[in-house]
1. From the list Ile213, Ile194, pick out the single residue that is touching a Leu at 6+ places or on another chain (Cβ under 8 Å) and outside the structural domain of Ile253 (by TED's automatic domain parsing).
2. Identify the residue in the stretch 203-222 that is surrounded by fewer than 20 Cβ atoms within 10 Å (Cβ to Cβ) and out of contact with any Ser or Thr (no Cβ under 9 Å at 6 or more places or on another chain) and, among all such residues, is nearest to Gly275 (Cα to Cα).
3. Go through (1) in contact with an Asp or Glu (Cβ under 7 Å, 6 or more places away or on another chain); (2) within 22 Å of Phe90 (Cα to Cα) one by one and return the number of the condition Thr20 breaks.
4. Quick one: Ile3 ticks every box in (1) in a loop (DSSP other than H, G, I, E, B); (2) in contact (Cβ under 8 Å) with a residue 60 or more places away in the chain; (3) surrounded by 14 or more Cβ atoms within 10 Å (Cβ to Cβ) except a single one, so which number is it?
5. Based on this model, can you work out whether Trp52 counts as surrounded by 14 or more Cβ atoms within 10 Å (Cβ to Cβ), closer than 21 Å to Ala301 by Cβ and in contact with a strand residue (DSSP E or B) (Cβ under 9 Å, 6 or more places away or on another chain)?
6. Can you find a residue in the stretch 256-264 that is in contact with a Phe, Trp or Tyr (Cβ under 6 Å, 6 or more places away or on another chain) and among the polar types (S, T, N, Q)?
7. Looking at the structure I just gave you, is Gly163 outside any helix (DSSP H, G or I) and either over 21 Å from the mean Cα position of the chain (by Cα) or surrounded by 15 or more Cβ atoms within 10 Å (Cβ to Cβ) (or both)?
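The values are calculated or read from the model by the stated rules, or taken from the named source; none is laboratory data. From a predicted model like this one, the values you see are computed outputs, not experimental measurements. As a convention, Cβ positions derive from the backbone with ideal geometry for all residues, glycine included, and neighbour counts pool all protein chains shown.
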Amino acid sequence: MKIAFLADPLSTFKIYKDSTFAMMREAARRGHAVYAFEQRDMVLEEGVVTAWVTRIHLTGEPDAWYRPEPAETVKLSEFDAVIERKDPPFDMEYVYGTYLLELAERQGARVFNRPSAIRDHNEKLSIGQFSQFTSPTLVSSNPAMLRAFHEKHGDVILKPLDGMGGAGIFRVRDDGMNLGSVIETLTDNGKRTIMAQKFIPAIVKGDKRVLVIDGKPVPFALARIPQGNEVRGNLAAGGIGVAQPLTERDREIAETLGPVLAERGLLLVGLDVIGDFLTEVNVTSPTCFQEITDQTGFDVAAMFIDAVEQQSRKAAQKES
């Protein structure tokens, strides 16, 4: 198979923990040809979507970890699979990228995750489709409604709808200290929609990343545990990742959402679960592959490449 990865610059990869690298390594181990390109490398010309792609060979070295061949322009439809692994921010450039990938799909490209599904699933707002699993939540730009939500629930989390890595998350306790300032800042004085959620005390045991691949849960989650006085468990915010078996509740959430999201074209999803509550549905570039594998021995990348191979075969059979 020829597999192309749409990712951030390869020079930015931290290969000891990067999930995209783990995918590439497993694909290469199986003998697949691995290619890489960035979002800016895509072009629509005369109705055809191409990209300036580079075939790479993994060296096994920690620093110069890949050897590139000369870049070439290739139709995205010529690949057996295109793996969308561009990290947020989910800005308009990201959206334009999904439009180009969607056009490429119409020309025969097999893109995972499906571009339209990525656009349709805001990673914060998507939990509203599964409210049976969420803590009390309000999405609004109205300062009065946000204040009333805090008054009702006392201890709340407020966060932007387009953040990543824990950026912009605030906790306001019962005393309401700095509530007005936080609301003004996050909503830009009522002009930007944000999310408020009742604080979940179980965060002290970790913000669990539950990976779901082709509708099926990985049997281990990575609990990202806040350190010190930090309320955020995100690894980017200093959290410590501890792999652990799924709880019954984790599995219930994953097995309920998994088939629904897979049917929509989301091959890989990262569910964030705190205690018994779903807090986010990550669809852009879910991570934690290597941390789970290193700590448990369960090969997450192998499960993912299995799914890519299976979906590519199914698509090829439909086309033949």
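1. Values: Ile213 fails: outside the structural domain of Ile253 (by TED's automatic domain parsing).
On inspection, the qualifying residue turns out to be Ile194.
2. Across the stretch 203-222, the extreme among qualifying residues is Lys205.
3. Every condition holds for Thr20 apart from (1).
4. The number of the failed condition is (1).
5. Values: surrounded by 14 or more Cβ atoms within 10 Å (Cβ to Cβ): yes; closer than 21 Å to Ala301 by Cβ: no; in contact with a strand residue (DSSP E or B) (Cβ under 9 Å, 6 or more places away or on another chain): yes.
No, not satisfied.
6. So far as the stretch 256-264 goes, no, none of its residues is in contact with a Phe, Trp or Tyr (Cβ under 6 Å, 6 or more places away or on another chain) and among the polar types (S, T, N, Q).
7. Numbers: outside any helix (DSSP H, G or I): yes; either over 21 Å from the mean Cα position of the chain (by Cα) or surrounded by 15 or more Cβ atoms within 10 Å (Cβ to Cβ) (or both): yes.
Against the criterion (outside any helix (DSSP H, G or I) and either over 21 Å from the mean Cα position of the chain (by Cα) or surrounded by 15 or more Cβ atoms within 10 Å (Cβ to Cβ) (or both)), Gly163 qualifies.
Okay, residues lined up against (1) at pLDDT below 95; (2) closer than 18 Å to Leu266 by Cα; (3) of a type in the set (A, V, I, L, M, F, W, C); (4) in contact with a strand residue (DSSP E or B) (Cβ under 7 Å, 6 or more places away or on another chain):
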{"site": "Leu6", "(1), (2), (3), (4)": "no, yes, yes, yes"}
{"site": "Ser11", "(1), (2), (3), (4)": "no, no, no, no"}
{"site": "Lys17", "(1), (2), (3), (4)": "no, no, no, no"}
{"site": "Thr20", "(1), (2), (3), (4)": "no, yes, no, yes"}
{"site": "Ile56", "(1), (2), (3), (4)": "no, no, yes, yes"}
{"site": "Pro62", "(1), (2), (3), (4)": "yes, no, no, no"}
{"site": "Glu69", "(1), (2), (3), (4)": "no, no, no, yes"}
{"site": "Glu102", "(1), (2), (3), (4)": "no, yes, no, no"}
{"site": "Phe112", "(1), (2), (3), (4)": "no, yes, yes, yes"}
